[in-house]
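Heads up, the thing below is written out as structure tokens.
The values are calculated or read from the model by the stated rules, or taken from the named source; none is laboratory data. Treat the numbers as computed from the prediction; the structure is a model and nothing was measured. Note that we place each Cβ from the backbone using ideal geometry, even for glycine, and neighbour counts take in every protein chain shown.
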Amino acid sequence: MRETLTLIQAAAWIGQRKEGTNLAPGWLKHRGLLDVLRETFLTIDDLPELRETLLEEEDQIFAEHFSARAYNFPSVAKYNRHLSTLVEEQMNLLNFVLTVGGDHSIALGTLSGVLRANPNTKIIWVDAHTDINTPETSPSGNIHGMPLSFLMKLYQHPMTDEYMDFVPRLDPKNVIVIGARDIDKGEVELITKTGMTVYTSKEVKAYGIETVIKEARKKLDPYNKDPFHISFDVDGIDPTYAPSTGTAVAGGLTLNEAKYLIEDVRRTGRLNSMDLVEINPMLGTQEDLQTTLDTTFSLIQSLKAPESKTKNDSSDKKLPLNLN
């Protein structure tokens with residue numbers, strides 16, 4: 001189990017249109033993030049913030065042509081190219097890599113780096129959304145709703161192929177979404193086409209988080225041998241617990257459910273990396289911000305070295321895909 005943690009601060013917001021997620025890493029550090037991490041890991045390697053850069057002229061021309069379908073695409077792609085290199089380097093040092101965002105478009109970089117370091121890594125994607133839109137299906141054009149489609153190579157275009165040549169293909173069978181409850185029509189078709197497994201928040205409530213995560217791990221890693229990565233969007237949790245986020249949707253996971261999910265995967269000894277994204281300190285009241293901060297730190301504390309299970313995890317229920 002990796003006990004040295006590398007903290008990557010992905011100070012980015014350009015995968016969507018609400019500024020503020022770029023401020024989250026600095027805000028969390030100012031409010032005590034490093035102290036929480038020191039309680040959880042033996043050694044902390046705190047890397048400088050990775051910030052967005054200005055577009056070059058030729059990129060700007062392309063951005064203007066493509067912006068209606070994929071907002072800020074060249075900037076997002078260039079940022080994630082740098083991020084993927086950084087993540088891959090730290091994964092190869094055998095550190096646990098925690099990337100704090102940033103909007104969820106940074107998963108293009110984190111997952112690319114993780115998969116290049118170990119192509120067999122299995123992905124647990126916690127989110128209110130399935131983030132598998134393409135530029136053709138997305139109602140908003142925001143790339144934070146598209147990372148899985150780009151990672152799975154579902155959208156082919158000469159320019160996107162060029163800008164995202166650093167992205168290895170993610171096999172849909174190697175990712176499972178948990179907590180979804182706001183799924184676009186085009187995404188439903190893509191989920192059916194790819195066969196990607198989605199456990200909605202309704203299913204979590206109906207079957208219990210223990211059953212869902214057990215079934216998810218069994219599907220992803222039937223031989224109990226491959227590493228895991230959790231890509232955790234705080235809007236996967238009900239906004240009662242994390243109100244300071246840009247696309248909150250009611251009916252999400254409880255804090256205890258989210259903590260159990262992280263603890264369970266950590267308990268395997270093969271959780272090697274995690275994203276924590278879409279925290280926006282520019283949104284909400286002071287009370288909202290404090291609630292979101294407390295939730296964020298509680299999630300990170302779930303990464304503590306695990307003890308043996310104390311809850312009953314013996315259910316053999318099979319969970320159907322439910323997108324209704």
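Restricting attention to segment 214-270, the residues being farther than 19 Å from Asn120 by Cα and of a type in the set (Asp, Glu) number 6.
Go through segment 81-118 and count every residue that is part of a helix (DSSP H, G or I), of a type in the set (A, V, I, L, M) and surrounded by fewer than 24 Cβ atoms within 10 Å (Cβ to Cβ). Quick ask: steps written out before the conclusion?
Restricting attention to segment 81-118, the residues satisfying the condition of being part of a helix (DSSP H, G or I) are 81-92, 104-117.
Restricting the remaining residues to those that are of a type in the set (A, V, I, L, M) gives 83, 86-87, 91, 106-108, 111, 114-115, 117.
Retained after the next criterion (residues that are surrounded by fewer than 24 Cβ atoms within 10 Å (Cβ to Cβ)): 86, 117.
Looking only at that region, the number is 2.
Taking the conditions exactly as written (surrounded by 21 or more Cβ atoms within 10 Å (Cβ to Cβ), modelled with pLDDT of 95 or more and assigned to a loop (DSSP other than H, G, I, E, B)), does Asn280 satisfy them or not? Taking the combined requirement at face value, the residue satisfies it. Among helices (runs of 4 or more DSSP H) entirely within segment 1-80, having at least 2 residues that are at pLDDT below 85 and either more than 18 Å from the chain's Cα centre (by Cα) or closer than 25 Å to Thr247 by Cα (or both) singles out 57-66. For segment 119-144, a residue qualifies if it is farther than 19 Å from Leu303 by Cβ and in a strand (DSSP E or B), but none of them does. All conditions but one from (1) closer than 19 Å to Arg17 by Cβ; (2) in contact with a Phe, Trp or Tyr (Cβ under 9 Å, 6 or more places away or on another chain); (3) aliphatic (A, V, I, L, M) apply to Leu253; the one that does not is (1). Among the candidates Lys214, Lys202, the residue that is out of contact with any Phe, Trp or Tyr (no Cβ under 9 Å at 6 or more places or on another chain) and over 22 Å from Gly246 (Cα atoms) is uniquely Lys214.
Once segment 97-153 is narrowed to residues that are among the polar types (S, T, N, Q) and under 11 Å from the mean Cα position of the chain (by Cα), the residue that is nearest to Thr295 (Cα to Cα) is Thr99. Does Pro239 satisfy being assigned to a loop (DSSP other than H, G, I, E, B) and without any contact (Cβ under 8 Å) to a residue 40 or more places away in the chain? When the stated conditions are applied, Pro239 passes them.
Here's the yes/no breakdown for (1) surrounded by 15 or more Cβ atoms within 10 Å (Cβ to Cβ); (2) closer than 14 Å to Val126 by Cβ; (3) among the β-branched types (Val, Ile, Thr); (4) free of Cβ contacts under 8 Å to residues at least 12 places away in the same chain:
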residue	(1), (2), (3), (4)
Ser149	yes, no, no, no
Lys153	no, no, no, no
Asp161	no, no, no, yes
Pro172	yes, no, no, no
Val188	yes, no, yes, no
Thr194	yes, no, yes, no
Val198	yes, yes, yes, no
Glu203	yes, yes, no, no
Tyr207	yes, no, no, no
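Considering segment 242-277, the residues that are hydrophobic (A, V, I, L, M, F, W, C) and in a helix (DSSP H, G or I) include one that is farthest from Ala180 (Cα to Cα), namely Val265.
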